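Contents: one structure, followed by commentary.
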Amino acid sequence: MDAETSLLPVQGGPVVTILILLSVVATTFILAKVWQFIRLGSGGQKKSEQALALLEKGDVAQTLIMSRNQKSPSLSLIAHVTELRQKQMPEDVLKEESMRTARVSLVNLGKGLRPIEVIANVAPLIGLFGTVLGMIEAFQAMESAGSQVDPAVLSGGIWQALLTTAAGLAVAIPVSMIHSALERKVEMEGANLQNVHDRLFVIGHQKPQLKTAATGTAK
């Protein structure tokens, strides 16, 4: 096999180069998502439960102090709904606004997951494609050599071809595992948002005086 015209040189060729680039892209998205979750802070679910407990007791002022200007989507939702309730927004309109806010927060949490998923799914296929190209090239070389086939040259070509499959799997396996972990985190945040949304309106129906408690007009 001619090394200068080979589609798959010893280092793996253009296919492995593509896989390396994909791994860099995946790493960039993963780091961005990890940083996003770090900025949200830890213990968001516990803090949202504490804020809801305060709201259930009628302590609107303390609830707002605890939940206002927070990075956590659930705490932000509590503050947003509580503030709008003080402005006498009708409950049906407030419920729609709460759902809209929760959906926007969930979409923002899920941003960047799709490219990671695509890379995890595509990397093995690209590696397999490189292997197919390498095997075609190896057998073309065997055909050209006729009866003078050098087994060392043939095995070297096959080894190079299989290298791309290994590279594809090496990219796909960790990316897929990390994607699953990040997706699980988003699902947990979504479940917490749904719980907070439901609790806010249960509390609102139980304690209608919350609508005016912050202004001191309710006793």
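Does any residue of segment 97-106 turn out to be in contact with a Phe, Trp or Tyr (Cβ under 8 Å, 6 or more places away or on another chain), surrounded by fewer than 19 Cβ atoms within 10 Å (Cβ to Cβ) and in a helix (DSSP H, G or I)?
The answer is no, given that none of the residues of segment 97-106 is in contact with a Phe, Trp or Tyr (Cβ under 8 Å, 6 or more places away or on another chain), surrounded by fewer than 19 Cβ atoms within 10 Å (Cβ to Cβ) and in a helix (DSSP H, G or I).
Can you name the residue in segment 38-57 that is touching a helix residue (DSSP H, G or I) at 6+ places or on another chain (Cβ under 6 Å) and under 21 Å from Lys95 (Cα atoms) and, of all such residues, is surrounded by the fewest Cβ atoms within 10 Å (Cβ to Cβ)?
Looking at the filtered set, the residue picked out is Glu56.
Working carefully through the options Ile116, Ile126, find the one that is β-branched (Val, Ile, Thr), modelled with pLDDT of 80 or more and within 22 Å of the chain's Cα centre (by Cα).
Ile116
Which condition breaks for Thr63 when tested against (1) within 23 Å of Lys185 (Cβ to Cβ); (2) polar (S, T, N, Q); (3) part of a helix (DSSP H, G or I)?
Single failed check for Thr63: (1).
Count, please, the residues in segment 60-96 that happen to be surrounded by fewer than 19 Cβ atoms within 10 Å (Cβ to Cβ) and touching a residue at least 40 places away in the same chain (Cβ under 8 Å).
5
Please count how many residues of segment 15-47 are in contact (Cβ under 8 Å) with a residue 40 or more places away in the chain and more than 22 Å from the chain's Cα centre (by Cα).
3
Exactly one of (1) part of a helix (DSSP H, G or I); (2) basic (Lys, Arg); (3) modelled with pLDDT under 90 is unmet by Lys71. Its number?
For Lys71, the failing item is (1).
Might you check whether a residue that is at pLDDT below 60, in contact with a Leu (Cβ under 6 Å, 6 or more places away or on another chain) and surrounded by 10 or more Cβ atoms within 10 Å (Cβ to Cβ) occurs anywhere in segment 15-35?
no
The values are calculated or read from the model by the stated rules, or taken from the named source; none is laboratory data. The structure presented is a predicted model; accordingly, all values stated were derived computationally and were not measured. Note that we place each Cβ from the backbone using ideal geometry, even for glycine, and neighbour counts take in every protein chain shown.
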